[in-house]
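S.K.: Structure below; questions to follow.
Read-outs throughout are calculated quantities, based only on the coordinates presented, and are distinct from any laboratory measurement. If you're wondering where the values come from, they're calculated on a predicted model, not measured in any experiment. We place every Cβ from the backbone using ideal geometry, glycine too, and count neighbours over all the protein chains shown.
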Amino acid sequence: MPAKAQTMALDLEPVAELEPELAAYFEKCREKLGFVPNVLQAYAFDNAKLKAFVLMADDVMLGDSGLSKLEREMIAVAVSAVNHCHYCLTSHGAAVRQRGNDPVLGEQIAHNYRAAVLPARQKAMLDFAVRLTEAPDKIEASDRQRLREAGFSDRDIWDIAAVAAFYNMSNRLAAAVDLRPNADYHYWARERPPPQQAPREAPAVASAPAAKREATRQPAGQTTGQTIGQPTGQPGSSGRRRRRSA
């Protein structure tokens, strides 16, 4: 059996030559991602199976839909969290971080989407996808109605179900063959955003006589204030002043 570090646990040799369309698709992955996802490498033992997977995945995740690409990735991650799919949590968790430009959201959806602060629409969407994953036989008209009330059209409901169903299939296949994610995914979109600084108020400008009087009242050893842009507690460029003699 191949070592864990390899693509998967099954010893399936890739075809000698990919069809031109598929070879071009692999090259596009290298250009855009810097690598070919291991799930594609795993399917590469059969041109027909690889083509069917690519067509379905691209249609479900990138085709025209009332769902945003981020929302579809969120569904993929929430479903994969229920199924504990290492491959899809890693790869699509990275996609949520990247598309949402939010490392925290990506982690929250991967661990437990209920911990995330989501709009009611997206919460209803993930509730439905997870219910479909955990108890498909329990889906009722009221579940679909909740989605309508959250603002989804019937076409949107189809798309939510299609994404959830596709990743339930993919999760199970990945588990069966011990599909391993590309290491690159772990490092995607994890940079900490720069801290948000509140705008500083301009200091009040005192009249010359008032400033002079203030200087005479200032205790010895205390700085006169701050130079604009310096951290709190740092002396201004004027240094210390001496007390005026009586």
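S.K.: Of all residues in the range 53-78, how many are more than 20 Å from TYR25 (Cβ to Cβ) and surrounded by 14 or more Cβ atoms within 10 Å (Cβ to Cβ)?
M.R.: Looking only at that region, the number is 9.
S.K.: Suppose we filter LYS69, LYS28, LYS32 for residues that are under 26 Å from ARG192 (Cα atoms), basic (Lys, Arg) and out of contact with any helix residue (DSSP H, G or I) (no Cβ under 9 Å at 6 or more places or on another chain); which single one remains?
M.R.: Of the residues listed, the single one that is under 26 Å from ARG192 (Cα atoms), basic (Lys, Arg) and out of contact with any helix residue (DSSP H, G or I) (no Cβ under 9 Å at 6 or more places or on another chain) is LYS32.
S.K.: So, one more: Out of GLU21, GLU17, report the one residue that is more than 22 Å from ALA183 (Cβ to Cβ), more than 18 Å from the chain's Cα centre (by Cα), loosely packed, with under 13 Cβ neighbours inside 10 Å and in contact (Cβ under 8 Å) with a residue 24 or more places away in the chain.
M.R.: Exactly one residue qualifies, and that residue is GLU21.
S.K.: Sticking with this one: When only residues in the range 82-97 that are in contact with a Gly (Cβ under 9 Å, 6 or more places away or on another chain) and of a type in the set (A, V, I, L, M) count, which is surrounded by the most Cβ atoms within 10 Å (Cβ to Cβ)?
M.R.: Checking each candidate, the answer is VAL96.
S.K.: Identify the single condition in (1) surrounded by fewer than 14 Cβ atoms within 10 Å (Cβ to Cβ); (2) more than 30 Å from HIS111 (Cα to Cα) that PHE45 does not satisfy, given that it satisfies every other one.
M.R.: PHE45 satisfies every listed condition except (1).
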